[in-house]
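Here's the structure we're looking at; comments come further down.
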Amino acid sequence: MTQRNAEVLIAGAGPVGCTAALALARAGVSVIMVEGCGTLPLELRASTFHPPTLDLLEELDLTRRLIPLGLVTRDYQYRDRSTGEAAVFDLGLLANDTGHPYRLQCEQYKLTQVVCEMLKDYPHARVLFGRQVIGARQDGGGVRMLCFTGEQEELYTGRYLIGADGANSAVRKSLTMRYEGFTYPEKFLVLSTPFDFAAHMDNLSNVNYVADPQEWCVLLRTADLWRVLLPTVPGEPDEKFLAPEYAQERLNAVVPRDEPYEVAHSTLYWVHQRVAETYRVGSIAIAGDAAHINNPLGGMGMNGGIQDAIVLAEKLIAILQESAGDDLLDVYDRQRRAIATEFIQKQTIQNKERMESLDPDAQRKRQAEFMRIAANPRRARAFLLRTSMIEAWRDSVALGQA
């Protein structure tokens with residue numbers, strides 16, 4: 001059996017694992033990161049980078065590399081689908097709170113591609129593909145991670161292990177911890193198309209939360225495509241929602257056309273609100289979707305995961321440099337789990353509730369309130385501090401210092 005060793009092992013080469021690997025490698029920590037897929041996944045998943053995440057990634061020399069690959073978005077809106085009224089929130093109001101008063105719309109796979117290229121400059125950092133994590137164990141001598149290549153098993157050993165291997169994390173399951181929360185009855189459908197909705201809808205932003213008692217949607221623009229997120233009817237077969245004719249029907253409900261839409265990609269997925277009961281067991285810690293998962297409205301999942309990775313890497317660097325003890329991982333658990341439960345879960349649940357009201361009168365009142373907030377710079381800034389996750393990051397820092 002092949003055996004490899006590093007100070008820190010990382011399961012999963014998504015944005016969370018990659019961010020942790022880069023932060024550790026830059027500090028001189030030896031790292032092995034394994035990924036189950038044969039190459040970096042190119043899935044069109046998360047694509048919003050919030051201001052505090054861009055601030056943190058700048059410290060890793062990443063933000064300047066990502067900006068040319070994405071779309072700088074300086075405002076976003078809550079829109080009433082029936083009237084076209086839009087409450088536009090100007091992220092420039094955060095200019096004194098962040099070095100990046102905007103969202104960057106950039107697919108997460110572009111981050112992982114950039115990081116893996118950067119890691120080639122660090123001989124003590126290795127990225128290995130086609131290694132499916134089977135499980136993890138630990139004892140007084142450190143941690144062990146077992147992987148399967150499709151042909152043989154491989155054993156990896158180290159001092160610490162980061163489980164960044166997604167919502168179905170084999171690392172988390174090997175620790176037999178509960179993943180507490182619930183799953184929504186409906187699935188979400190994402191349709192990606194090169195069709196330019198902004199050319200056919202007045203005053204559209206790059207990010208639009210469109211409320212409608214009949215069917216809400218999110219219209220989100222990236223550098224190359226528009227992505228349309230829609231709810232589906234619970235209990236209906238997946239085949240119905242993934243059928244080409246269904247995509248045409250739903251997109252035509254947004255903007256009617258005489259010719260068919262080009263659909264570059266479609267994804268149907270369950271939506272969860274869950275948080276692991278702990279983020280740390282001994283020398284094994286989890287981060288990102290392995291530790292918490294939420295609905296995508298507001299773009300907080302990947303951002304929260306990247307922030308997990310940076311906090312966790314800082315703790316591990318301090319421990320490995322012998323400036324702190326292992327109990328520093330308890331601080332990571334306390335500060336990041338609190339942010340997931342007290343902020344991200346509550347905020348994303350509230351975001352979904354705002355979108356899906358079936359009462360037209362309630363929807364009109366909600367839209368009117370958004371319009372009032374957006375028109376008042378003081379109230380708008382307070383709103384943006386929450387929705388941009390600046391407030392949550394500040395709370396996280398404070399918890400780490402307590």
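I'd like to know if segment 174-184 contains one or more residues that are of a type in the set (S, T, N, Q), within 24 Å of the chain's Cα centre (by Cα) and more than 19 Å from SER283 (Cα to Cα). Scanning segment 174-184, I find at least one residue that is of a type in the set (S, T, N, Q), within 24 Å of the chain's Cα centre (by Cα) and more than 19 Å from SER283 (Cα to Cα), so the answer is yes. Looking only at residues of segment 1-56 that are over 25 Å from THR98 (Cα atoms), among the polar types (S, T, N, Q) and part of a loop (DSSP other than H, G, I, E, B), we find that the one that is nearest to the chain's Cα centre (by Cα) is THR39. When PHE182, PHE188 are screened for being aromatic (Phe, Trp, Tyr) and within 28 Å of ARG74 (Cβ to Cβ), only PHE188 passes. For segment 290-342, which residues satisfy the criterion of being on the phi < 0 side of the Ramachandran plot, in a loop (DSSP other than H, G, I, E, B) and not hydrophobic (A, V, I, L, M, F, W, C)? Passing the criteria: ASN294, ASN295, PRO296, GLN321, SER323, GLY325, ASP326, ASP327. Where strands (runs of 3 or more DSSP E) fall wholly inside segment 122-204, the ranges with 1 or more residues that are without any contact (Cβ under 8 Å) to a residue 40 or more places away in the chain, touching a strand residue (DSSP E or B) at 6+ places or on another chain (Cβ under 8 Å) and surrounded by fewer than 20 Cβ atoms within 10 Å (Cβ to Cβ) are 132-139, 142-148. Just to be sure before I move on: is ILE373 surrounded by 14 or more Cβ atoms within 10 Å (Cβ to Cβ), in contact (Cβ under 8 Å) with a residue 40 or more places away in the chain, closer than 23 Å to LEU93 by Cα and more than 18 Å from the chain's Cα centre (by Cα) in the structure I sent? For ILE373, the condition - surrounded by 14 or more Cβ atoms within 10 Å (Cβ to Cβ), in contact (Cβ under 8 Å) with a residue 40 or more places away in the chain, closer than 23 Å to LEU93 by Cα and more than 18 Å from the chain's Cα centre (by Cα) - is met. Looking across segment 106-121, the residues that are buried (at least 21 other Cβ atoms within 10 Å of the Cβ) and more than 13 Å from LEU22 (Cβ to Cβ) come down to CYS106, GLU107, GLN108.
Only the coordinates and a few stated rules stand behind these numbers; no lab work does. None of the values given here were measured: they were computed from a predicted structure. Because the Cβ atoms are built from the backbone with ideal geometry, glycine has one as well, and the counts that use them run over all protein chains shown.
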